[in-house]
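The values are calculated or read from the model by the stated rules, or taken from the named source; none is laboratory data. Just so we're clear, the structure is a prediction, and the values are computed from it rather than from any experiment. Every residue, glycine as well, gets a Cβ built from its backbone with ideal geometry; the counts of neighbours run over all protein chains shown. Side chains included, ligands, DNA and RNA excluded: accessible areas come from the protein's heavy atoms. Shrake-Rupley method; radii C 1.70, N 1.55, O 1.52, S 1.80 Å.
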Amino acid sequence: MTEKKQLTINMAVNLCYMFFNYAITFSLTSYIVSNIGGEAYGFIGLCNNIINYATLVTVALNSVAGRFITIEVHRDNMKKANEYYTSTLVANLALSCILLLIFAVVTLHLNNILNIPYELLSDIKSLFMLSAINLIVSILTTVFTVSTFITNKLYLSSIANLIGVMMRALVLLILFILLPANIAYVGLATVFGTGIILLINIGYTKKLCPELQVSYKSISFLRAKELFISGIWNAVTKLSQILSDGMDLLFSNLWIGSYAMGQLSIAYTLPTFVAQFFSMIINLFNPKLTEHYAKEQQQNIIDEIKLNMKLTGFFGNVIFFGIILMGLDFFRLWVPTANLKLVYTLSIIASVSVLISSICSPLSNVFLVTNKLKVNSIVWLCVSVFNAILVIILINITQLGVYAVAGVSKITAVIVYLTFWPLYSSRCLGVKSSTFYKLIGRYFVVSIMVGCTMFVIKMPLWRCKGWADFIVQTVVLGFVGLLVNYTLFLEKKERKYLTEITCRKLFRG
(Lines give C-alpha, C1' and ligand atoms only; values in the text may rest on other atoms or scores of the structure.)
Protein backbone atom coordinates (compact mmCIF):
# COMPACT_ATOMS: atom_id res chain seq x y z
CA MET A 1 0.00 0.00 0.00
CA THR A 2 1.43 3.41 -0.98
CA GLU A 3 1.98 6.13 1.61
CA LYS A 4 -0.66 8.40 0.03
CA LYS A 5 -3.24 5.61 -0.08
CA GLN A 6 -2.55 4.71 3.54
CA LEU A 7 -2.95 8.35 4.55
CA THR A 8 -6.24 8.53 2.66
CA ILE A 9 -7.58 5.38 4.36
CA ASN A 10 -6.46 6.60 7.78
CA MET A 11 -8.21 9.92 7.25
CA ALA A 12 -11.41 8.41 5.84
CA VAL A 13 -11.90 6.05 8.78
CA ASN A 14 -11.01 8.77 11.29
CA LEU A 15 -13.58 11.08 9.71
CA CYS A 16 -16.19 8.34 9.95
CA TYR A 17 -15.42 7.86 13.65
CA MET A 18 -15.57 11.60 14.33
CA PHE A 19 -18.89 11.91 12.46
CA PHE A 20 -20.55 9.29 14.67
CA ASN A 21 -18.99 10.77 17.79
CA TYR A 22 -20.21 14.26 16.93
CA ALA A 23 -23.68 13.00 16.04
CA ILE A 24 -23.99 11.30 19.41
CA THR A 25 -22.72 14.35 21.30
CA PHE A 26 -25.02 16.77 19.49
CA SER A 27 -28.04 14.54 20.09
CA LEU A 28 -27.09 14.02 23.72
CA THR A 29 -26.54 17.73 24.33
CA SER A 30 -29.90 18.69 22.86
CA TYR A 31 -31.66 16.02 24.94
CA ILE A 32 -29.96 16.97 28.22
CA VAL A 33 -30.45 20.73 27.77
CA SER A 34 -34.15 20.19 26.95
CA ASN A 35 -34.90 17.60 29.67
CA ILE A 36 -32.49 18.40 32.50
CA GLY A 37 -31.25 21.93 31.75
CA GLY A 38 -28.21 23.85 30.57
CA GLU A 39 -26.68 23.83 34.05
CA ALA A 40 -26.65 20.02 34.09
CA TYR A 41 -24.96 19.89 30.69
CA GLY A 42 -22.32 22.33 31.90
CA PHE A 43 -21.33 19.92 34.65
CA ILE A 44 -20.56 17.19 32.10
CA GLY A 45 -17.85 19.37 30.59
CA LEU A 46 -16.68 20.60 33.99
CA CYS A 47 -16.33 17.07 35.39
CA ASN A 48 -14.36 16.00 32.34
CA ASN A 49 -12.08 19.01 32.66
CA ILE A 50 -11.38 18.37 36.35
CA ILE A 51 -10.69 14.71 35.65
CA ASN A 52 -8.33 15.70 32.83
CA TYR A 53 -6.29 17.78 35.28
CA ALA A 54 -5.12 14.45 36.68
CA THR A 55 -3.63 13.45 33.33
CA LEU A 56 -0.73 15.72 34.22
CA VAL A 57 0.79 12.83 36.16
CA THR A 58 0.55 10.49 33.17
CA VAL A 59 1.30 12.83 30.25
CA ALA A 60 5.02 12.91 31.01
CA LEU A 61 5.19 9.17 30.50
CA ASN A 62 2.60 8.40 27.82
CA SER A 63 3.07 11.39 25.51
CA VAL A 64 6.49 10.20 24.32
CA ALA A 65 6.21 6.43 24.84
CA GLY A 66 4.92 5.86 21.30
CA ARG A 67 7.79 7.85 19.82
CA PHE A 68 10.50 5.96 21.72
CA ILE A 69 9.00 2.52 21.10
CA THR A 70 8.46 3.25 17.39
CA ILE A 71 12.00 4.51 16.84
CA GLU A 72 13.50 1.40 18.47
CA VAL A 73 11.25 -0.91 16.42
CA HIS A 74 12.30 0.82 13.17
CA ARG A 75 15.92 0.42 14.27
CA ASP A 76 15.33 -3.31 14.95
CA ASN A 77 16.22 -2.93 18.61
CA MET A 78 13.40 -5.02 20.10
CA LYS A 79 15.03 -5.47 23.50
CA LYS A 80 14.98 -1.74 24.11
CA ALA A 81 11.51 -1.37 22.57
CA ASN A 82 10.11 -3.99 24.96
CA GLU A 83 11.73 -2.25 27.90
CA TYR A 84 9.94 0.99 26.99
CA TYR A 85 6.70 -0.90 26.33
CA THR A 86 6.63 -2.91 29.56
CA SER A 87 7.85 -0.07 31.75
CA THR A 88 5.13 2.23 30.43
CA LEU A 89 2.38 -0.32 31.13
CA VAL A 90 3.60 -1.07 34.67
CA ALA A 91 3.96 2.63 35.50
CA ASN A 92 0.44 3.30 34.19
CA LEU A 93 -0.98 0.54 36.39
CA ALA A 94 0.68 2.01 39.47
CA LEU A 95 -0.46 5.55 38.69
CA SER A 96 -4.01 4.35 38.02
CA CYS A 97 -4.32 2.82 41.47
CA ILE A 98 -3.16 6.05 43.11
CA LEU A 99 -5.49 8.21 41.01
CA LEU A 100 -8.49 6.03 41.77
CA LEU A 101 -8.02 6.52 45.52
CA ILE A 102 -7.64 10.28 45.12
CA PHE A 103 -10.77 10.55 42.96
CA ALA A 104 -12.80 8.57 45.49
CA VAL A 105 -11.91 11.10 48.23
CA VAL A 106 -12.60 14.08 45.95
CA THR A 107 -16.00 12.67 44.98
CA LEU A 108 -17.09 12.52 48.62
CA HIS A 109 -16.30 16.23 49.08
CA LEU A 110 -17.25 17.47 45.61
CA ASN A 111 -20.04 19.73 46.90
CA ASN A 112 -17.47 21.59 49.03
CA ILE A 113 -15.31 22.25 45.95
CA LEU A 114 -17.89 23.27 43.32
CA ASN A 115 -21.13 25.24 43.23
CA ILE A 116 -23.61 22.40 42.61
CA PRO A 117 -27.41 22.74 42.69
CA TYR A 118 -28.72 20.50 45.48
CA GLU A 119 -31.12 18.61 43.20
CA LEU A 120 -28.20 17.58 40.96
CA LEU A 121 -25.71 16.70 43.69
CA SER A 122 -25.99 12.89 43.73
CA ASP A 123 -26.14 12.69 39.92
CA ILE A 124 -23.04 14.84 39.51
CA LYS A 125 -21.09 12.88 42.13
CA SER A 126 -21.92 9.67 40.26
CA LEU A 127 -20.91 11.29 36.97
CA PHE A 128 -17.61 12.47 38.45
CA MET A 129 -16.63 9.04 39.76
CA LEU A 130 -17.61 7.31 36.54
CA SER A 131 -15.57 9.89 34.59
CA ALA A 132 -12.62 9.10 36.84
CA ILE A 133 -12.96 5.38 36.14
CA ASN A 134 -13.13 6.15 32.42
CA LEU A 135 -9.86 8.09 32.70
CA ILE A 136 -8.19 5.09 34.36
CA VAL A 137 -9.31 2.77 31.55
CA SER A 138 -8.12 5.32 28.96
CA ILE A 139 -4.68 5.49 30.60
CA LEU A 140 -4.35 1.72 30.41
CA THR A 141 -5.41 1.80 26.76
CA THR A 142 -2.67 4.25 25.73
CA VAL A 143 0.27 1.88 25.47
CA PHE A 144 -1.73 -0.66 23.44
CA THR A 145 -2.39 1.90 20.68
CA VAL A 146 1.31 1.96 19.81
CA SER A 147 0.99 -1.04 17.46
CA THR A 148 -1.20 0.87 14.99
CA PHE A 149 1.18 3.83 15.28
CA ILE A 150 4.24 1.71 14.48
CA THR A 151 2.59 0.09 11.46
CA ASN A 152 0.96 3.39 10.37
CA LYS A 153 -2.46 1.74 10.45
CA LEU A 154 -4.18 4.36 12.54
CA TYR A 155 -7.45 3.57 10.82
CA LEU A 156 -7.58 0.40 12.92
CA SER A 157 -7.53 2.49 16.08
CA SER A 158 -10.30 4.61 14.60
CA ILE A 159 -12.33 1.45 13.90
CA ALA A 160 -11.88 0.49 17.55
CA ASN A 161 -12.94 3.99 18.61
CA LEU A 162 -15.92 3.81 16.26
CA ILE A 163 -17.06 0.52 17.79
CA GLY A 164 -16.61 2.02 21.25
CA VAL A 165 -18.68 5.09 20.31
CA MET A 166 -21.45 2.92 18.86
CA MET A 167 -21.57 0.80 22.02
CA ARG A 168 -21.64 3.98 24.08
CA ALA A 169 -24.58 5.24 22.00
CA LEU A 170 -26.42 1.94 22.43
CA VAL A 171 -26.02 1.98 26.21
CA LEU A 172 -27.14 5.64 26.38
CA LEU A 173 -30.18 4.92 24.24
CA ILE A 174 -31.24 1.98 26.41
CA LEU A 175 -30.74 3.89 29.66
CA PHE A 176 -32.54 7.06 28.57
CA ILE A 177 -35.46 5.07 27.13
CA LEU A 178 -35.95 2.75 30.09
CA LEU A 179 -35.03 5.08 32.98
CA PRO A 180 -35.64 8.72 34.00
CA ALA A 181 -33.15 11.24 32.56
CA ASN A 182 -29.89 11.35 34.52
CA ILE A 183 -26.53 12.82 33.47
CA ALA A 184 -24.71 10.00 35.30
CA TYR A 185 -25.70 7.72 32.41
CA VAL A 186 -23.21 9.63 30.25
CA GLY A 187 -20.36 8.49 32.48
CA LEU A 188 -21.60 4.89 32.67
CA ALA A 189 -21.96 4.58 28.90
CA THR A 190 -18.54 6.15 28.32
CA VAL A 191 -16.83 3.68 30.66
CA PHE A 192 -18.45 0.80 28.79
CA GLY A 193 -17.35 2.15 25.40
CA THR A 194 -13.79 2.82 26.55
CA GLY A 195 -13.53 -0.70 27.96
CA ILE A 196 -14.46 -2.12 24.54
CA ILE A 197 -11.76 0.06 22.94
CA LEU A 198 -9.17 -1.26 25.41
CA LEU A 199 -9.96 -4.89 24.58
CA ILE A 200 -9.80 -4.27 20.82
CA ASN A 201 -6.45 -2.46 21.06
CA ILE A 202 -4.98 -5.31 23.10
CA GLY A 203 -5.98 -7.60 20.22
CA TYR A 204 -4.36 -5.24 17.70
CA THR A 205 -1.07 -5.31 19.60
CA LYS A 206 -0.98 -9.11 19.63
CA LYS A 207 -1.68 -9.27 15.89
CA LEU A 208 0.30 -6.32 14.49
CA CYS A 209 3.30 -6.32 16.82
CA PRO A 210 3.60 -9.78 18.39
CA GLU A 211 7.25 -9.00 19.10
CA LEU A 212 6.11 -6.47 21.73
CA GLN A 213 5.80 -8.53 24.90
CA VAL A 214 5.13 -7.63 28.51
CA SER A 215 7.83 -9.29 30.55
CA TYR A 216 9.03 -8.99 34.13
CA LYS A 217 12.60 -8.93 32.81
CA SER A 218 11.79 -5.92 30.62
CA ILE A 219 10.71 -3.71 33.51
CA SER A 220 13.27 -0.94 33.65
CA PHE A 221 13.27 2.00 36.02
CA LEU A 222 15.91 3.59 33.80
CA ARG A 223 13.61 3.46 30.73
CA ALA A 224 10.65 4.81 32.69
CA LYS A 225 12.85 7.62 34.01
CA GLU A 226 14.06 8.37 30.47
CA LEU A 227 10.47 8.62 29.21
CA PHE A 228 9.46 10.77 32.16
CA ILE A 229 12.34 13.21 31.72
CA SER A 230 11.69 13.51 27.99
CA GLY A 231 7.94 13.88 28.44
CA ILE A 232 7.99 16.20 31.44
CA TRP A 233 7.83 19.14 29.08
CA ASN A 234 4.69 17.71 27.52
CA ALA A 235 3.26 17.65 31.02
CA VAL A 236 4.19 21.31 31.37
CA THR A 237 2.43 21.98 28.06
CA LYS A 238 -0.62 20.09 29.35
CA LEU A 239 -0.56 22.24 32.48
CA SER A 240 -0.45 25.28 30.22
CA GLN A 241 -3.49 24.06 28.30
CA ILE A 242 -5.35 23.51 31.57
CA LEU A 243 -4.56 27.01 32.80
CA SER A 244 -5.36 28.54 29.41
CA ASP A 245 -8.50 26.68 28.29
CA GLY A 246 -9.29 23.89 30.74
CA MET A 247 -10.01 26.25 33.62
CA ASP A 248 -12.63 28.24 31.71
CA LEU A 249 -15.61 26.25 32.99
CA LEU A 250 -14.19 26.15 36.52
CA PHE A 251 -13.65 29.93 36.56
CA SER A 252 -17.20 30.41 35.30
CA ASN A 253 -18.60 28.09 37.99
CA LEU A 254 -16.70 29.67 40.88
CA TRP A 255 -16.81 33.37 39.95
CA ILE A 256 -19.82 33.85 37.68
CA GLY A 257 -22.27 31.00 38.29
CA SER A 258 -23.43 27.63 37.07
CA TYR A 259 -25.79 29.19 34.50
CA ALA A 260 -22.97 31.03 32.74
CA MET A 261 -20.87 27.87 32.92
CA GLY A 262 -23.64 25.92 31.20
CA GLN A 263 -23.97 28.45 28.37
CA LEU A 264 -20.18 28.55 27.90
CA SER A 265 -20.05 24.76 27.78
CA ILE A 266 -22.67 24.72 25.01
CA ALA A 267 -20.78 27.45 23.11
CA TYR A 268 -17.53 25.50 23.35
CA THR A 269 -19.03 22.41 21.71
CA LEU A 270 -18.35 23.45 18.10
CA PRO A 271 -14.82 24.86 18.66
CA THR A 272 -13.91 21.77 20.68
CA PHE A 273 -15.00 19.45 17.90
CA VAL A 274 -13.06 21.51 15.37
CA ALA A 275 -9.93 21.25 17.53
CA GLN A 276 -10.41 17.48 17.78
CA PHE A 277 -10.82 17.31 14.00
CA PHE A 278 -7.50 19.11 13.46
CA SER A 279 -5.81 16.99 16.10
CA MET A 280 -6.98 13.88 14.25
CA ILE A 281 -5.43 15.07 10.99
CA ILE A 282 -2.21 16.09 12.73
CA ASN A 283 -1.88 12.72 14.46
CA LEU A 284 -2.19 10.93 11.12
CA PHE A 285 1.19 12.36 10.12
CA ASN A 286 3.02 11.39 13.33
CA PRO A 287 3.96 7.81 12.36
CA LYS A 288 5.58 8.86 9.08
CA LEU A 289 7.27 11.88 10.64
CA THR A 290 8.74 9.67 13.36
CA GLU A 291 9.99 7.20 10.75
CA HIS A 292 11.59 10.02 8.69
CA TYR A 293 13.28 11.33 11.82
CA ALA A 294 14.56 7.87 12.77
CA LYS A 295 16.08 7.60 9.26
CA GLU A 296 17.40 11.20 9.38
CA GLN A 297 15.37 12.32 6.34
CA GLN A 298 15.03 16.03 7.12
CA GLN A 299 13.57 17.22 3.81
CA ASN A 300 10.88 14.55 4.04
CA ILE A 301 9.97 15.88 7.50
CA ILE A 302 9.57 19.42 6.13
CA ASP A 303 7.47 18.20 3.20
CA GLU A 304 5.21 16.17 5.52
CA ILE A 305 4.73 19.16 7.85
CA LYS A 306 3.77 21.44 4.96
CA LEU A 307 1.34 18.87 3.58
CA ASN A 308 -0.19 18.57 7.04
CA MET A 309 -0.55 22.37 7.24
CA LYS A 310 -2.30 22.43 3.87
CA LEU A 311 -4.75 19.73 4.88
CA THR A 312 -5.76 21.42 8.12
CA GLY A 313 -5.81 24.85 6.49
CA PHE A 314 -7.93 23.49 3.63
CA PHE A 315 -10.77 22.92 6.11
CA GLY A 316 -9.94 25.52 8.78
CA ASN A 317 -11.00 28.76 7.11
CA VAL A 318 -14.19 27.17 5.70
CA ILE A 319 -15.19 25.92 9.17
CA PHE A 320 -14.43 29.30 10.76
CA PHE A 321 -16.57 31.31 8.33
CA GLY A 322 -19.20 28.57 8.44
CA ILE A 323 -19.57 29.06 12.20
CA ILE A 324 -19.94 32.81 11.71
CA LEU A 325 -22.54 32.53 8.94
CA MET A 326 -24.48 29.47 10.12
CA GLY A 327 -23.82 29.41 13.86
CA LEU A 328 -26.90 31.30 15.00
CA ASP A 329 -29.22 29.09 12.93
CA PHE A 330 -27.44 26.03 14.27
CA PHE A 331 -27.87 26.94 17.94
CA ARG A 332 -31.50 28.01 17.36
CA LEU A 333 -32.29 24.57 15.95
CA TRP A 334 -30.03 22.58 18.28
CA VAL A 335 -30.64 24.13 21.72
CA PRO A 336 -33.64 26.46 21.35
CA THR A 337 -34.02 26.83 25.14
CA ALA A 338 -30.49 28.21 25.57
CA ASN A 339 -29.56 31.91 25.60
CA LEU A 340 -28.98 31.99 21.84
CA LYS A 341 -27.35 35.41 21.56
CA LEU A 342 -24.94 34.68 24.41
CA VAL A 343 -24.08 31.17 23.19
CA TYR A 344 -23.55 32.34 19.59
CA THR A 345 -21.32 35.25 20.64
CA LEU A 346 -19.25 33.04 22.93
CA SER A 347 -18.91 30.47 20.14
CA ILE A 348 -17.59 33.13 17.74
CA ILE A 349 -15.08 34.32 20.33
CA ALA A 350 -13.95 30.75 21.02
CA SER A 351 -13.61 30.09 17.29
CA VAL A 352 -11.23 32.98 16.58
CA SER A 353 -8.20 30.78 17.18
CA VAL A 354 -9.63 28.13 14.81
CA LEU A 355 -8.68 30.22 11.78
CA ILE A 356 -5.07 30.51 12.97
CA SER A 357 -4.56 27.15 14.64
CA SER A 358 -5.75 25.29 11.56
CA ILE A 359 -2.67 26.34 9.61
CA CYS A 360 -0.18 26.47 12.50
CA SER A 361 -1.07 23.48 14.71
CA PRO A 362 0.85 20.91 12.59
CA LEU A 363 4.05 22.71 13.59
CA SER A 364 3.63 21.26 17.09
CA ASN A 365 4.67 17.90 15.65
CA VAL A 366 8.15 19.27 15.09
CA PHE A 367 8.79 19.65 18.82
CA LEU A 368 7.69 16.09 19.56
CA VAL A 369 9.53 14.45 16.66
CA THR A 370 12.80 16.28 17.34
CA ASN A 371 12.35 15.78 21.10
CA LYS A 372 12.75 19.52 21.70
CA LEU A 373 9.80 20.17 23.95
CA LYS A 374 11.33 22.30 26.70
CA VAL A 375 11.19 25.79 25.18
CA ASN A 376 7.70 25.34 23.75
CA SER A 377 6.44 24.12 27.11
CA ILE A 378 7.95 27.03 29.03
CA VAL A 379 6.52 29.57 26.60
CA TRP A 380 3.02 28.11 26.89
CA LEU A 381 3.29 27.90 30.68
CA CYS A 382 4.17 31.60 30.92
CA VAL A 383 1.36 32.53 28.54
CA SER A 384 -1.21 30.41 30.36
CA VAL A 385 -0.29 31.75 33.81
CA PHE A 386 -0.68 35.25 32.39
CA ASN A 387 -4.05 34.23 30.94
CA ALA A 388 -5.34 32.84 34.23
CA ILE A 389 -4.30 35.95 36.17
CA LEU A 390 -5.76 38.30 33.56
CA VAL A 391 -9.09 36.41 33.46
CA ILE A 392 -9.45 36.57 37.25
CA ILE A 393 -8.67 40.31 37.21
CA LEU A 394 -11.12 41.04 34.40
CA ILE A 395 -13.88 39.03 36.06
CA ASN A 396 -13.49 41.00 39.27
CA ILE A 397 -12.98 44.56 37.96
CA THR A 398 -15.04 44.63 34.75
CA GLN A 399 -18.49 43.65 33.53
CA LEU A 400 -17.09 41.32 30.85
CA GLY A 401 -17.84 38.23 32.91
CA VAL A 402 -17.97 35.07 30.80
CA TYR A 403 -16.79 36.99 27.71
CA ALA A 404 -13.43 37.53 29.41
CA VAL A 405 -13.21 33.82 30.20
CA ALA A 406 -13.80 32.88 26.56
CA GLY A 407 -11.70 35.60 24.93
CA VAL A 408 -8.40 36.03 26.75
CA SER A 409 -6.90 32.61 26.04
CA LYS A 410 -7.89 32.73 22.37
CA ILE A 411 -6.21 36.08 21.73
CA THR A 412 -2.92 35.08 23.36
CA ALA A 413 -2.98 31.70 21.59
CA VAL A 414 -3.25 33.43 18.22
CA ILE A 415 -0.17 35.52 19.03
CA VAL A 416 1.86 32.42 19.93
CA TYR A 417 0.67 30.52 16.85
CA LEU A 418 1.77 33.30 14.51
CA THR A 419 5.09 34.21 16.09
CA PHE A 420 6.74 31.59 18.25
CA TRP A 421 5.65 28.36 16.57
CA PRO A 422 6.81 29.08 12.99
CA LEU A 423 10.11 30.54 14.20
CA TYR A 424 11.01 27.90 16.77
CA SER A 425 9.93 24.94 14.63
CA SER A 426 12.23 26.25 11.88
CA ARG A 427 15.06 26.46 14.37
CA CYS A 428 14.43 22.90 15.60
CA LEU A 429 14.70 21.66 12.01
CA GLY A 430 17.72 23.81 11.25
CA VAL A 431 16.07 25.68 8.35
CA LYS A 432 15.38 29.33 7.52
CA SER A 433 13.02 31.14 9.89
CA SER A 434 10.83 32.07 6.94
CA THR A 435 10.36 28.44 5.85
CA PHE A 436 6.72 28.20 6.96
CA TYR A 437 5.65 31.85 6.72
CA LYS A 438 5.20 31.79 2.95
CA LEU A 439 2.54 29.08 3.31
CA ILE A 440 0.91 30.88 6.26
CA GLY A 441 0.76 34.14 4.30
CA ARG A 442 -0.79 32.42 1.30
CA TYR A 443 -3.36 30.84 3.59
CA PHE A 444 -4.51 34.21 4.96
CA VAL A 445 -4.86 35.74 1.52
CA VAL A 446 -6.95 32.79 0.37
CA SER A 447 -8.97 32.88 3.61
CA ILE A 448 -10.09 36.46 2.88
CA MET A 449 -11.35 35.27 -0.50
CA VAL A 450 -13.05 32.25 1.07
CA GLY A 451 -14.83 34.44 3.64
CA CYS A 452 -16.00 37.01 1.08
CA THR A 453 -17.25 34.31 -1.29
CA MET A 454 -19.16 32.43 1.40
CA PHE A 455 -20.68 35.70 2.66
CA VAL A 456 -21.89 36.68 -0.83
CA ILE A 457 -23.42 33.22 -1.33
CA LYS A 458 -25.14 33.31 2.09
CA MET A 459 -26.73 36.78 1.61
CA PRO A 460 -29.61 35.75 -0.71
CA LEU A 461 -30.29 32.45 1.08
CA TRP A 462 -33.36 32.13 3.26
CA ARG A 463 -33.38 31.86 7.03
CA CYS A 464 -33.22 28.24 8.08
CA LYS A 465 -36.69 27.03 9.07
CA GLY A 466 -35.56 23.52 9.96
CA TRP A 467 -32.69 21.07 9.82
CA ALA A 468 -33.27 20.38 6.12
CA ASP A 469 -32.72 24.05 5.26
CA PHE A 470 -29.69 24.18 7.54
CA ILE A 471 -28.06 21.12 6.01
CA VAL A 472 -28.64 22.34 2.44
CA GLN A 473 -27.19 25.79 3.13
CA THR A 474 -24.25 24.37 5.07
CA VAL A 475 -23.40 21.96 2.26
CA VAL A 476 -23.63 24.76 -0.34
CA LEU A 477 -21.44 27.15 1.65
CA GLY A 478 -18.97 24.40 2.57
CA PHE A 479 -18.65 23.28 -1.05
CA VAL A 480 -18.08 26.84 -2.25
CA GLY A 481 -15.45 27.50 0.42
CA LEU A 482 -13.60 24.25 -0.28
CA LEU A 483 -13.73 24.98 -4.03
CA VAL A 484 -11.99 28.32 -3.47
CA ASN A 485 -9.34 26.57 -1.36
CA TYR A 486 -8.98 23.83 -3.96
CA THR A 487 -8.39 26.40 -6.70
CA LEU A 488 -6.22 28.95 -4.89
CA PHE A 489 -4.64 27.26 -1.86
CA LEU A 490 -3.59 23.85 -3.12
CA GLU A 491 -0.80 23.44 -5.65
CA LYS A 492 -1.22 21.72 -9.00
CA LYS A 493 0.14 18.33 -7.93
CA GLU A 494 -2.04 18.35 -4.80
CA ARG A 495 -5.16 19.23 -6.80
CA LYS A 496 -4.35 16.42 -9.23
CA TYR A 497 -3.94 13.88 -6.42
CA LEU A 498 -7.15 14.99 -4.68
CA THR A 499 -9.08 14.82 -7.96
CA GLU A 500 -7.78 11.34 -8.72
CA ILE A 501 -8.69 10.06 -5.28
CA THR A 502 -12.19 11.57 -5.47
CA CYS A 503 -12.88 10.22 -8.95
CA ARG A 504 -11.59 6.78 -8.04
CA LYS A 505 -13.92 6.62 -5.03
CA LEU A 506 -16.93 7.98 -6.90
CA PHE A 507 -16.59 5.99 -10.10
CA ARG A 508 -15.03 2.77 -8.88
CA GLY A 509 -16.16 -0.08 -11.08
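With a Förster radius of 51 Å applied to the beta-carbon distance between K432 and T337, the computed FRET efficiency rounds to 0.40.
Any idea what the dipole of the chain comes to, in debye rounded to 20, about its Cα centre with Lys/Arg Cβ at +1 and Asp/Glu Cβ at -1?
The calculated dipole for the chain is roughly 1340 debye.
So, R0 is 45 Å and r is the distance between the beta-carbons of K372 and N111; what FRET efficiency does that work out to, to 0.05?
Between K372 and N111 the formula returns 0.55.
The accessible area of Y155, taken with all protein chains in place and a 1.4 Å probe, comes to roughly 40 Å². Which ³J(HN,Hα) values, rounded to whole Hz and listed in residue order, are derived for region 474-485 from phi using the Karplus coefficients 6.51, -1.76 and 1.60 in 6.51 cos²θ - 1.76 cosθ + 1.60 with θ = phi - 60°, glycine and proline given as x? Karplus-based 3J(HN,Hα) across region 474-485 equals 5, 4, 4, 5, x, 4, 4, x, 5, 5, 5, 5 Hz. For region 175-188, backbone phi angles converted through the Karplus equation (6.51, -1.76, 1.60; θ = phi - 60°) give residue-by-residue couplings of 5, 6, 7, 8, 10, x, 4, 7, 5, 5, 4, 4, x, 5 Hz, Gly and Pro being listed as x.
Of the accessible area of region 151-207, computed with a 1.4 Å probe over protein heavy atoms only, carbon and sulfur atoms account for 78 percent.
The H on the amide N of I36, modeled in the peptide plane, is under 5 Å from the matching H of no residue at least 5 residues off or on a different chain.
HN-Hα J couplings of region 136-143 from phi, Karplus 6.51/-1.76/1.60, θ = phi - 60°, integer Hz, Gly and Pro as x? Each residue of region 136-143 in turn: 4, 5, 5, 4, 5, 6, 3, 5 Hz.
Only helical runs count toward this figure. For the chain, summing -39,500 (n - 2.57) over DSSP H runs of n ≥ 4 and dividing by all residues gives -28000 deg cm²/dmol at 222 nm.
Accessible surface calculations at 1.4 Å, restricted to protein heavy atoms, place the chain at 45 Å² per residue.
Cβ neighbours within 10 Å, averaged per peptide: list 303-309, 266-272 in order, most packed at the top.
Peptide ranking by packing, descending: 266-272, 303-309.
Using a 1.4 angstrom probe on the protein heavy atoms only, could you order R463, R332 from most to least accessible area? Before the final figure, lay out each step's value.
Working: R463 160, R332 55 Å².
Highest to lowest solvent-accessible surface, that is R463, R332.
In straight-distance terms, cross-link reach from K465 covers every one of the lysines whose alpha-carbon lies under 22 Å from its own, apart from those fewer than eight places away in the same chain; here that gives K341.
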